[in-house]
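This report refers to the structure that appears directly beneath it.
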Amino acid sequence: MPLPLPDFCSQCESTWACRLKIHQNVSLADKNTLRLEARAEWYCEVSSLDELLEAAAFALAHKLNVISLGEGSNIVLADNLPGLVIKNRIQGVTYNAEVVHTAGGENWHQLVRSTVSSGLFGLENLALIPGTVGAAPVQNIGAYGVEICDRFLSLRALHLPTLEHRSFGKKECDFAYRDSLFKRSDEWMITEVSLALSKTSEYVTTYPGIVSYIEEHGLGTTGESIFEAVSHIRAQKLPNPLVIPNVGSFFKNPVVNADQAESIATEFPDVVQYDVIAGKKLSAAWLIDQLGLKDYGVGQFAVSDKHALVIINKGNGKQQELFELVDVINRKVKDTFGIELEIEPRLYPKGFVMSC
Ligand code: EPU
């Protein structure tokens, strides 16, 4: 049986609300970039490891499930969240030669900007990705030929069920395409990430738009010019979540085996596909675009007219409208191409199944 929730902290005899500022029944509408209305049963923000430990201990003592929150730029809040939502606001960046150690609550893009302006390269292709540093390894963020796992050294994370704070090396994180151990388990909250950068990086310019931007603007290939090119490409292609609510790519690019890829290519010769170890990765944006679904909407939710992989909230969109839109996209893609799309952001509450 969980302990009854106390009005006062037994250690300092102040109220929980004044000590840790743990609030009850808090709206998360302004804390997720899809702007979905959902309420946290309990909510607090932590600015230090000590505060995080205290909040996690509170949850443990009262058998509350913990949900870690960064800037809410890669989550879908399907319903109200039982338990304690802890927003990570732990700040701090330190450099040790070519290694950067960053607290989980730092903003990712600001970190990328500051590494590039410090003359340390390796993150420039990951410019303008919304969210926090602590959330970045969870889904192994990636863009324009680079994933965070390519620059990853280690991270520290708190095990919420036991309060053990420990380090993880790259192998232990089990990184994959938009996936890691931390996306599959809700038991860890990432507090610090260490990345290996370089003063003389081997720049990644495989994405055609980067080279053409650099050439058109008469720039050399440098970390700064790639940062500028990527920022420009993203701003052109993807709606800014601060202006138009969205969570970036809503679906993963599906991977199919060679036979399935060939049969799709026979029927649809223009299909966009890339070689991967397991077969071919297809462009989900291309599949959705082919179906004429750009700008298609249900209620306040719609497929962006800028990029077919992005779903936007045009106003006060409700969960049911989003689920119906996702259902239409899924069904049409399945009927036409025989492919089941997988959603890319994390869906909360855990175990929730979207249904219309
Ligand atoms: N395309 C269309 N219609 C569109 C948009 C794109 O047909 O409306 C086709 C184009 O042929 C284009 C291809 O899809 O060449 C790929 O598009 P894009 O280069 O934008 O990349 P993506 O595969 O759609 C992935 C990531 C993005 C990342 C870009 C660039 C996933 C799920 N998404 O998108 O990441 O920025 O590559 O590297 O892997 C995110 O994860 O939120 C995200 C935005």
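The values are calculated or read from the model by the stated rules, or taken from the named source; none is laboratory data. Everything numeric here is computed off the predicted structure, so don't read it as measured data. So basically every Cβ, Gly included, is an ideal-geometry build from the backbone, and we count neighbours across all protein chains shown.
Across the range 271-318, which residue is surrounded by the most Cβ atoms within 10 Å (Cβ to Cβ) among those that are among the β-branched types (Val, Ile, Thr), part of a strand (DSSP E or B) and more than 8 Å from the ligand (Cβ to nearest atom)? So, considering only residues that are among the β-branched types (Val, Ile, Thr), part of a strand (DSSP E or B) and more than 8 Å from the ligand (Cβ to nearest atom), the one surrounded by the most Cβ atoms within 10 Å (Cβ to Cβ) is 311. For the range 21-63, a residue qualifies if it is of a type in the set (A, V, I, L, M), surrounded by 20 or more Cβ atoms within 10 Å (Cβ to Cβ) and not in a helix (DSSP H, G or I), and the qualifying residues are 22, 28, 34, 36, 38, 40, 46. When residue 112 is tested against (1) part of a strand (DSSP E or B); (2) crowded, with 21+ Cβ neighbours inside 10 Å; (3) of a type outside the set (Asp, Glu), just one condition goes unmet, and that condition is (1). Within the range 168-189, the set of residues being in contact with a strand residue (DSSP E or B) (Cβ under 6 Å, 6 or more places away or on another chain), assigned to a strand (DSSP E or B) and either within 16 Å of the ligand (Cβ to nearest atom) or under 13 Å from residue 158 (Cβ atoms) (or both) comprises 168, 188, 189.
Checked against the criterion of being among the hydrophobic types (A, V, I, L, M, F, W, C), within 24 Å of residue 123 (Cα to Cα) and within 12 Å of the ligand (Cβ to nearest atom), the candidates 226, 210 yield just one match: 210. Of all residues in the range 151-183, those satisfying the criterion of being of a type in the set (D, E, K, R) and in contact with a His (Cβ under 8 Å, 6 or more places away or on another chain) are 156, 166. A Cβ distance below 8 Å, combined with a sequence gap of six or more or placement on separate chains, defines the contacts here; from the range 305-327, residues that are farther than 22 Å from residue 272 by Cβ reach residues that are more than 15 Å from the ligand (Cβ to nearest atom) and of a type in the set (Ser, Thr, Tyr) in the pairs 323/355. Filtering the range 64-100 to residues that are surrounded by 20 or more Cβ atoms within 10 Å (Cβ to Cβ) and hydroxyl-bearing (Ser, Thr, Tyr) leaves 68, 73. Assess whether residue 224 counts as being closer than 24 Å to residue 206 by Cβ and buried (at least 19 other Cβ atoms within 10 Å of the Cβ). Judged against the criteria, residue 224 is not a match. So is residue 332 at pLDDT 95 or above and within 22 Å of the chain's Cα centre (by Cα) or not? It is false that residue 332 is at pLDDT 95 or above and within 22 Å of the chain's Cα centre (by Cα). In the range 242-257, of all residues being more than 15 Å from residue 341 (Cβ to Cβ) and more than 10 Å from the ligand (Cβ to nearest atom), the one that is surrounded by the most Cβ atoms within 10 Å (Cβ to Cβ) corresponds to 245.
Quick one: residue 247 ticks every box in (1) touching a Pro at 6+ places or on another chain (Cβ under 8 Å); (2) assigned to a helix (DSSP H, G or I) except a single one, so which number is it? Condition not satisfied by residue 247: (2). The residues of the range 328-356 that are within 21 Å of residue 272 (Cβ to Cβ) and either in the same structural domain as residue 29 (by TED's automatic domain parsing) or in contact (Cβ under 8 Å) with a residue 40 or more places away in the chain (or both), listed by number, are 329, 332, 333, 336, 337, 338, 339, 340, 341, 342, 343, 344.
Residues in the range 147-172 that are under 17 Å from residue 99 (Cβ atoms) and of a type outside the set (Lys, Arg): 148, 149, 150, 152, 153, 154, 155, 167, 168, 169. For the range 170-217, which positions are closer than 17 Å to residue 134 by Cα and more than 20 Å from the chain's Cα centre (by Cα)? 196 - this is the single residue of the range 170-217 that is closer than 17 Å to residue 134 by Cα and more than 20 Å from the chain's Cα centre (by Cα). Working only within the range 110-156, note down all residues that are in contact with a strand residue (DSSP E or B) (Cβ under 8 Å, 6 or more places away or on another chain), away from the ligand (no atom under 11 Å from the Cβ), of a type outside the set (A, V, I, L, M) and touching a residue at least 40 places away in the same chain (Cβ under 8 Å). Scanning the range 110-156 gives 115, 121, 122, 132, 134, 137, 151, 152, 154. Among the residues examined, residue 231 does not qualify as in contact with an Asp or Glu (Cβ under 7 Å, 6 or more places away or on another chain), among the small types (Gly, Ala, Ser) and within 16 Å of the ligand (Cβ to nearest atom). Against the numbered list (1) within 14 Å of the ligand (Cβ to nearest atom); (2) assigned to a helix (DSSP H, G or I); (3) charged (D, E, K, R), residue 215 comes up short only at (1).
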